[in-house]
Amino acid sequence: MSQSTEAEVGTSTTAERQAVTSQPGVTPSRDWVIVTRGIKREYDMGGEIVRALRGVDIAIRRNEYVAIMGPSGSGKSTLMNLVGCLDTPTAGEYWLNGNLVSSMKDDELARIRNKEIGFVFQTFNLLPRATALHNVELPLVYAGMSAKQRRETAAYALERVQLTSRMHHKPNELSGGQRQRVAIARALVNSPSILLADEPTGNLDSATSQEIMKVFEELAEQGQTVIMVTHEADIAAHARRVVALHDGQVSSDTRRERFVRENEQVIAAKQ
Amino acid sequence: MLFFESIRLALNTIRAQKLKSFFTLLGVCIGVMFLIAVVSIVEGMGRYMEQDLIGKLIGVNSFELRHRPNINMGDVDPSVWESYRRRPRLYHDDVTPVVEALPEGTRWAIVSDNNLPVSSRYSGGPRNAQISAIEGEFFAIRKFVVAEGREFTPQELAMGTPVVIVGPDIVKRLFPGLNAIGRELRMGGLPYTVVGVLETQGSAFGLSFDNQVFAPWQSPVHRLLNRVPSIIDAVIVQVPTASQMTEAQERVRQVMRTRHKLRPGQPDNFSLQTSESALAFWNKLKRYLVLAGIALPAIGLVVGAIVIMNIMLVAVAERTREIGIRKALGARRVDILSQFLIEAATLSTVGAAVGIALGVGLAKVIAAISPLPATVAPWSIVVGVALGAGVGIISGVYPASRASMLDPIAALRQE
Ligand SMILES: Nc1ncnc2c1ncn2[C@@H]1O[C@H](COP(=O)(O)OP(=O)(O)O)[C@@H](O)[C@H]1O
Ligand SMILES: [Mg+2]
């Protein structure tokens, strides 16, 4: 048993996932970065209840590279916000690194976002008036790091995404791909447990999208846990595991190989 | 470090939006400017009154025996004036008993003065000047310095030699372009020889202290000053240290009460005037001036606070997305709150700094073009800066708390 876990770093089986998600109240073991148990998110729209998530069980092990796929309105962003600790569920449990996030207060959530989560957004969300370096420094500012150390750490993160030469440029002096790489550097700078990307290629042309996917792949290979939300099958096919969402529920959770086989036409048409 | 970060951000904003920042800061700037200027003028007048004017009128550690006070800046009601008018005058005969009663080491002088015409053959018509007849150590007590020539000799004072010491204005008017020493001027038809010229005393409120002529009391000049020639206006007494003031005053009081045959219980019918009694009125006036000096800037600061609050509300609305980004990256509520508070405080402090510079300039200009003296008080600069920061923080509280309460998801969705 322990041998098989060794061999399968960065993967998990359906049985293992079912085992960890079906025990309410039990703290998951440390190798599970994310465990959600029946999380729901409902919005009260003036009397009418919108059920964005209707009980989602997801378990993600350390070093996994997971895509969350689904059509528009299926609840992907809602799930992202919960996983990224920007929001708390209406019901259910959310465990991050063995900590029960679903019962945390505002400031605790901010601390978790700072230390454990690296966000990459579709629209980059860089501060327009700050340089690339300064944008990357920002999470370190809130982590309370000294200015000198901040600068060094941020410069190293930019080096990891090959942007050292653009360090002192402002976002409007950078191409879309470069902006997204700055965002990735910023997401990585605090060495987070998970890199969380919401439609990271949504605003990029296909060549640039491939470039960004390559960066993600490299990071995954280096051991970074990556969760990526997308509605495009060819982008999802870059992940090692694909979770499909439909109408606020998980409709399938498969390995890449099977996902590619089942979506061959869609992916081929894109390329 | 978040602190310096926020200050840097605020300064960037000011630099990026110069015109908008200028209008934002105008209120605080004007408020602080008036504060500094008004306080400087009040302080300057105060310093002048306390150290200069009063010191010149009444020397340090000294008091004047007079039949009634001559510096009346206070409100004296008519009945008091009436009683002053009925008081007996001081005579030259009073001087010796008073002086003999004084403690060891005390200086004394007597003086009578009046405004009278003075003439010389080097100028046109006669000019009015303040003529003082003196005896004793008058110049030493008043700290008058003879710049040219010499002081009176004891013989001249005792004999009543017709010699004079004059202020620089007299030289200008009666001896234009000439060395006055050794030349003659005329008062009451009699000639007097100039033996000394005083250093300039400057002026206050447009009043010159340099248009003065001093002569020995014993000289014929004293006949010109009072209807009864033996009347003197004041005996001036200066003790070596402040602690001896009361003792010296008490001795003079007893001598005068005896000489005026006052029974116990009867009030004094003479005055012992100190610089404090003259200052009392000034202190009252100063309080009103300071109040005015606070009310005027307060209006500017209130307007400034409202403007800054509005500008900050706009900034929070414009930067909703930035706030969302910061929250997503781990900023807590206090981080956002303090960022906007510090930004408002920085804005406002910059306005205050500009206001201080303008206020100091305004005070200097006023001092230069008007007779009002102005000294910039260090405390007013401290208060100015503190007010600037305070106004910023107060007006930033509401916008900053709005910013800190924003929901990060909604904030990130904003375009
Ligand atoms: N803040 C909100 N208030 C009300 N309804 C919302 C809100 N956010 C999302 N929803 C609804 O929840 C459902 C899922 O939305 P979302 O998670 O954004 O889907 P996706 O990202 O997959 O397009 C949609 O029906 C959407 O209208
Ligand atoms: Mg979405």
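Just so it is clear, none of the values below were taken in a lab; they were calculated from the coordinates. What you see is a predicted model; the values in this text were computed from it and never measured. Cβ: placed from backbone, ideal geometry, glycine included. Neighbour counts: every protein chain shown.
When peptides A:87-96, B:15-24, B:113-122 are sorted by average Cβ neighbour count within 10 Å, with the highest value leading, the order is A:87-96, B:113-122, B:15-24.
Give B:LYS143/B:LYS172; A:LYS105/A:LYS214; A:LYS214/A:LYS270; A:LYS40/B:LYS327 a once-over and call out the pairs whose C-alpha atoms are over 25 Å from each other. Don't skip to the answer; put the middle values down first.
Numbers: B:LYS143/B:LYS172 22 Å; A:LYS105/A:LYS214 37 Å; A:LYS214/A:LYS270 17 Å; A:LYS40/B:LYS327 23 Å.
Flagged as over cut-off: A:LYS105/A:LYS214.
Calculated mean residue ellipticity, 222 nm, the protein assembly as shown: -15500 deg cm²/dmol, from DSSP H runs (n ≥ 4) at -39500 (n - 2.57) each, averaged per residue and rounded to 500. Relative to the dominant Cα principal axis of chain B, helix B:245-259 is inclined by about 40°.
Debye-formula intensities of chain A, expressed as log10 I(q)/I(0) at q = 0.07, 0.09, 0.10, 0.15 Å⁻¹, are -0.25, -0.41, -0.51, -1.15 (one equal scatterer per alpha-carbon, no solvent).
Converting phi to 3J(HN,Hα) with the Karplus coefficients 6.51, -1.76 and 1.60 and the offset θ = phi - 60°, segment B:224-232 yields 7, 8, 10, 4, 9, x, 7, 6, 10 Hz in sequence order, with x at every glycine or proline.
Using the number of other C-beta atoms within 10 angstrom as an exposure proxy, rank B:VAL228, B:VAL303, A:VAL260 with the fewest first.
By the 10 Å Cβ count, ascending: B:VAL228, B:VAL303, A:VAL260.
At a 10 Å Cβ-Cβ cut-off, how would you order A:THR153, A:THR225, fewest neighbours first?
Details: A:THR153 19, A:THR225 22.
Fewest-to-most Cβ neighbours within 10 Å comes out as A:THR153, A:THR225.
Looking only at the protein assembly as shown, where both bridge partners belong to it, what percent of the DSSP beta bridges are antiparallel (to the nearest 5)? Around 70 percent of the beta bridges assigned by DSSP in the protein assembly as shown are antiparallel ones. Treating r as the C-beta distance of A:SER175 and A:VAL50 and R0 as 41 Å, the FRET efficiency rounds to 0.65. Here's the picture: a label point sits 7 Å out from the Cα of B:VAL80 along the beta-carbon direction, and within segment B:253-269 the residues with their amide nitrogen under 18 Å of it are B:267-269. Counting Lys +1, Arg +1, Asp -1, Glu -1, what net charge surrounds B:ALA377 among other residues with beta carbon under 11 Å of its beta carbon? Residues close to B:ALA377 contribute a combined charge of 0.
With a 10 Å cut-off around each Cβ of B:329-339, the average count of Cβ atoms from other chains is 6. Other protein chain C-beta atoms within 10 Å of residue C-beta, averaged over A:140-147: 4.
What the Cβ-Cβ distance of A:ALA15 and A:LYS105 gives, at R0 = 41 Å and to the nearest 0.05, is a FRET efficiency of 0.70. Taking Cα atoms, how many degrees apart are the long axis of helix B:378-405 and the longest axis of chain B, rounded to 10 and kept between 0 and 90? Relative to chain B, helix B:378-405 is tipped by roughly 20 degrees. Classify segment B:117-213 as rounded, prolate or oblate from the Cα gyration tensor: take a ≥ b ≥ c as the square roots of its eigenvalues, call it rounded if a/c is under 1.5, otherwise prolate when a/b beats b/c and oblate if not. Oblate is the answer for segment B:117-213, as a/c is 1.5 or above yet b/c matches or exceeds a/b.
For B:LYS261, a cut-off of 25 angstrom between C-alpha atoms picks up no lysines at all, skipping any fewer than 8 places away in its own chain. Using the Cβ-Cβ distance between B:ASN269 and B:ILE299 with R0 set to 51 Å, the FRET efficiency works out to roughly 0.50. I'd like the orientation of helix A:176-188 relative to chain A: the angle between its Cα long axis and the longest Cα principal axis, in ° from 0 to 90, rounded to 10. Between the helix axis and the principal axis of chain A, the angle is about 70 degrees. Other residues lying with their Cβ under 13 Å from the Cβ of B:LEU313 contribute a combined charge of 0, Lys and Arg counting +1, Asp and Glu -1.
Other protein chain C-beta atoms within 10 Å of residue C-beta, averaged over A:80-87: 3. Residue exposure proxy: B:THR346, A:THR123, A:THR27, ordered by other Cβ atoms within 10 angstrom of their Cβ from fewest to most, comes out as A:THR27, A:THR123, B:THR346.
Each principal axis of the protein assembly as shown carries a Cα extent, and these read 132, 59, 47 Å when sorted largest first.
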